[in-house]
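Rule-based calculations on the coordinates, nothing more; no lab input. Bear in mind the structure is a predicted one, so any value in this text is a computation, not a measurement. Cβ atoms come from the backbone with ideal geometry, glycine included; neighbour counts cover every protein chain shown.
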Amino acid sequence: MEKAFSLNIEIPRGQTQKEVNRTILAYLHSRFPGDAKISFLDLPCGNLEFLACVKSLFPFSDLTGADLHTPKSKDGINFHQMDLTKSFTLSAKKKFDVVSSISGVMMFSNTLSFIENCSARIKNDGTFILTNDNNTTIKDRLAFFFLGRYRIFNSVFEDKELMTENVPINELVRLVRAQGINIESIEYTSFYPADLIFLPIALVVCFFQWIYLKRLKTQLPTELIKQMYPFKHLLCRHYIIKGTKCDKAL
């Protein structure tokens, strides 16, 4: 369990990297008052640990989770058994204030249609939160250079491998923006002190990457690119994309 001192509740790590759930809950805590009646959809919801924390923070909220496997305890949370690699069976008429997907896209081969389905269920001006494992750390780059693999993805997948989709941040940013979601912030988290051993290499890589990005011609906002590739992305193992649904991504 991770202690969130500012939130004063115990937060389980769940099926993601450390501090991810805590960071998201702190963001929600700062964005909504405690008595807010938030309609919240979490995909995939796992064993509902994250939504249970949301319920503690916002007891009047309408919480819904969906996953392939039924959780042991629902504790008053709406649950839909659903294969998220296929078209959603959850009605598109139901719109939510917040839709979140925590460490989910690594398991879905249909990333485009998944984000399309998520976007279709967000209210206008609603919030979308998407997190993913970061494959651009120095540790990942060295693993690929020497072993031809990324840190959490094996070089060979078994026939029934579950975690197979190594989606980079530039592709996720493109897909999210294409679905009418304006990205407000990208936050890197899950830093492990043991990775400080890679700091000297990170400093060198950061310098050359800064030069490359400085010369890059693109229509994307400069601030967005800075958030995609800060120095922290070379060491932190996870990132969180937060955006707002609108008519057209900016």
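What shape does the stretch 97-160 have by the C-alpha gyration tensor, where a ≥ b ≥ c are the square roots of the eigenvalues, rounded means a/c under 1.5, and otherwise prolate means a/b greater than b/c and oblate the rest? Before the final figure, lay out the partial values.
Details: a/c = 4.00, a/b = 2.12, b/c = 1.89.
Prolate, since a/c reaches 1.5 and a/b exceeds b/c.
With a threshold of 21 Å on the Cα-Cα distance, the over-threshold entries among Lys95/Lys242; Lys74/Lys242; Lys37/Lys74 are Lys74/Lys242.
Stokes-Einstein diffusion for the chain at 25 °C, viscosity 0.890 mPa s, with a Kirkwood radius from C-alpha pairs, works out to 129 µm²/s.
Ranking of Thr189, Thr127, Thr244 by neighbouring Cβ atoms within 10 Å, starting from the fewest: Thr244, Thr189, Thr127. Take every pair of alpha-carbon atoms less than 8 Å apart whose residues are at least six positions apart; their mean separation over the length of the chain yields a relative contact order of 19 percent. On full extension, the segment bounded by Asp125 and Ser56 gains 22.4 nm, given 0.36 nm per residue less the C-alpha separation.
Placing a label point 7 Å from the Cα of Asn78 along the Cα-to-Cβ direction, the residues of the stretch 15-35 with a backbone N closer than 20 Å are 35.
Residue separation times 0.36 nm, minus the C-alpha to C-alpha distance between Leu199 and Lys232: what's the value?
Working: separation 33, 0.36 × 33 = 11.88 nm, distance 1.04 nm.
Length gained, Leu199 through Lys232: 10.8 nm.
Measuring nothing but how far apart in sequence close Cα pairs (under 8 Å, 6+ apart) lie, relative to its length, the stretch 64-124 scores a relative contact order of 32 percent.
In plain terms, the bigger the Kirkwood radius, the slower the diffusion; for the stretch 107-234, with that radius from Cα pairs, at 25 °C and 0.890 mPa s, Stokes-Einstein puts D at 148 µm²/s.
Within the chain, antiparallel bridges make up roughly 55 percent of the DSSP beta bridges whose residues both belong there.
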